[in-house]
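Novice: This structure is in structure tokens; I'll ask about it shortly.
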Amino acid sequence: MSTEAVFEFIETESQYQEFQACIKELKGQRGAQMPALQEAQRIYGYLPIEVLKRLSRELELPMEELYSTATFYAQFTFVPKGEHTISVCMGTACYVKGAGDILDSFSTELNIEPGETTIDRKFTLESCRCIGACGLAPVLTVNEEVYGRLSKKKADKVLLTYQKKE
């Protein structure tokens with residue numbers, strides 16, 4: 001289906017300045033690793049390898065340690081998120097009502113697997129566990145908008161709405 005996309009790292013001057021200020025503030029502090037990773041994720045939206053290398057060098061932390069921490073916590077990602085994050089609930093109620101078919105349909109239409117972002121960075125596709133809207137199963141979210149009581153056809157219309165916005 002898809003091949004893993006390689007995204008070019010693009011850093012604005014304001015991102016660079018904000019991140020450098022963060023590094024300056026954390027340099028020499030004990031336990032700086034976690035707040036530095038959190039700030040990098042907040043500033044860039046993900047953890048680019050270029051940023052991890054800078055953190056490693058300037059905070060004098062081994063890359064292995066940064067990578068180990070970043071892969072341990074689910075809050076961190078090494079892939080940029082799309083403008084629209086689509087999350088299909090795969091909890092039991094949603095799954096038995098066809099969420100798997102919806103996820104497969106979106107994966108085919110966007111030509112990405114769950115956990116990936118389209119090369120144009122417009123869409124990120126995710127599957128998640130129960131989002132607590134079982135009475136509306138099957139459910140998906142696009143960014144923070146919740147869509148429930150979906151069929152595959154209704155879900156495809158939701159996706160089309162966001163594709164047309166582009």
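Novice: Would you confirm, using the coordinates I've provided, whether E8 is charged (D, E, K, R), out of contact with any strand residue (DSSP E or B) (no Cβ under 6 Å at 6 or more places or on another chain), exposed (fewer than 15 other Cβ atoms within 10 Å of the Cβ) and touching a residue at least 12 places away in the same chain (Cβ under 8 Å)?
Specialist: On the way: charged (D, E, K, R): yes; out of contact with any strand residue (DSSP E or B) (no Cβ under 6 Å at 6 or more places or on another chain): yes; exposed (fewer than 15 other Cβ atoms within 10 Å of the Cβ): yes; touching a residue at least 12 places away in the same chain (Cβ under 8 Å): no.
Criteria not met by E8.
Novice: Considering every residue within segment 66-75, establish whether at least one is open to solvent by less than 30 Å² (accessible area, probe 1.4 Å) and within 30 Å of C134 (Cβ to Cβ).
Specialist: No, there is no match, as no residue in segment 66-75 is open to solvent by less than 30 Å² (accessible area, probe 1.4 Å) and within 30 Å of C134 (Cβ to Cβ).
This table checks each residue for (1) hydroxyl-bearing (S, T, Y); (2) assigned by the TED database to the domain that holds C128; (3) in contact (Cβ under 8 Å) with a residue 12 or more places away in the chain.
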| residue | (1), (2), (3) |
| --- | --- |
| L26 | no, no, yes |
| R30 | no, no, no |
| M34 | no, no, yes |
| Q41 | no, no, yes |
| Y44 | yes, no, yes |
| L55 | no, no, yes |
| E58 | no, no, yes |
| M63 | no, no, no |
| L66 | no, no, yes |
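Novice: Checking the conditions here, which among T117, T108, T124, T141 is crowded, with 18+ Cβ neighbours inside 10 Å and in contact (Cβ under 8 Å) with a residue 60 or more places away in the chain?
Specialist: T117
Novice: Do you know which residues across segment 75-103 are closer than 24 Å to D120 by Cα and in a loop (DSSP other than H, G, I, E, B)?
Specialist: Across segment 75-103, the qualifying residues are Q75, F76, T77, F78, V79, P80, K81, G82, E83.
Novice: Out of all the residues in segment 111-166, which are polar (S, T, N, Q), within 17 Å of G91 (Cα to Cα) and out of contact with any strand residue (DSSP E or B) (no Cβ under 7 Å at 6 or more places or on another chain)?
Specialist: Within segment 111-166, S151 is the sole residue that qualifies.
Novice: Tally time: how many residues in segment 87-144 are hydroxyl-bearing (S, T, Y) and in contact with a Ser or Thr (Cβ under 9 Å, 6 or more places away or on another chain)?
Specialist: 7
Novice: Just to be sure before I move on: is V51 within 30 Å of A133 (Cα to Cα) and touching a residue at least 24 places away in the same chain (Cβ under 8 Å) in the structure I sent?
Specialist: For V51, the condition - within 30 Å of A133 (Cα to Cα) and touching a residue at least 24 places away in the same chain (Cβ under 8 Å) - is not met.
Novice: So, in segment 144-159, exactly how many residues are open to solvent by 80 Å² or more (accessible area, probe 1.4 Å) and free of Cβ contacts under 8 Å to residues at least 40 places away in the same chain?
Specialist: Total satisfying the criteria: 6.
Novice: Okay, next question. Please go through (1) under 21 Å from P80 (Cβ atoms); (2) surrounded by 12 or more Cβ atoms within 10 Å (Cβ to Cβ) for K27 and return the number of the only condition it doesn't satisfy.
Specialist: The failed condition is (1).
Novice: Residues in segment 79-102 that are within 24 Å of G45 (Cα to Cα) and either open to solvent by 60 Å² or more (accessible area, probe 1.4 Å) or modelled with pLDDT of 95 or more (or both): how many? If you could, list the steps in order and put the result at the bottom.
Specialist: We begin by selecting, within segment 79-102, every residue within 24 Å of G45 (Cα to Cα); these are 79-89.
Those left that are additionally either open to solvent by 60 Å² or more (accessible area, probe 1.4 Å) or modelled with pLDDT of 95 or more (or both): 81, 83-89.
Here the count works out to 8.
The values are calculated or read from the model by the stated rules, or taken from the named source; none is laboratory data. Keep in mind that this is a model prediction, so the values were computed, not measured. Quick reminder, even Gly has a Cβ in these numbers, built from the backbone with ideal geometry, and neighbours come from all protein chains shown. Ligands, DNA and RNA are excluded from the accessible area calculation, which covers all protein heavy atoms including side chains. Shrake-Rupley method; radii C 1.70, N 1.55, O 1.52, S 1.80 Å.
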